[in-house]
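Trainee: Starting off with a structure, shown below.
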Amino acid sequence: MHTHDLARGLGLDWDPPAEICARVLNRLFPDAPRGTEPWATLLWVTGRAELPGRPRLTRWRWYNEPPSQTP
């Protein structure tokens, strides 16, 4: 996300790999919509962009708790 912010400020395009974005969404944003393009969704869940059919977020939270481990 910070690379996006820096690149945007410099007028550069930044398009990270979809697989990495999907992993970040799954780990840090478990309530994020599924079936959408991962990078666009990651920008949306962090309040940086709109996602078609959904209002732009003005507040957001990421979940940094370690995943629960089942024996």
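Trainee: Under a 1.4 Å probe, what is the accessible area of the chain per residue, stated in Å²?
Mentor: Here the residues of the chain average 78 Å² of exposed surface.
Trainee: Mind pulling the angle between the C-alpha long axis of helix 18-28 and the longest principal axis of the chain? Nearest 10 degrees, somewhere in 0 to 90.
Mentor: The two axes meet at around 50 degrees.
Trainee: Show that you can apply the helix-only estimate: for the chain, add -39,500 (n - 2.57) for every DSSP H stretch of four or more residues, divide by all residues, and state [θ] at 222 nm to the nearest 500.
Mentor: Working: 3 runs with 27 residues, N = 71.
For the chain, the value works out to -10500 deg cm²/dmol.
Trainee: So how compact is the chain: Cα radius of gyration and Dmax in angstrom?
Mentor: Final numbers for Rg and Dmax: 13.2, 49 Å.
The values are calculated or read from the model by the stated rules, or taken from the named source; none is laboratory data. Treat the numbers as computed from the prediction; the structure is a model and nothing was measured. All accessible areas refer to the heavy atoms of the entire protein, side chains included, with ligands and DNA or RNA removed. Shrake-Rupley method; radii C 1.70, N 1.55, O 1.52, S 1.80 Å.
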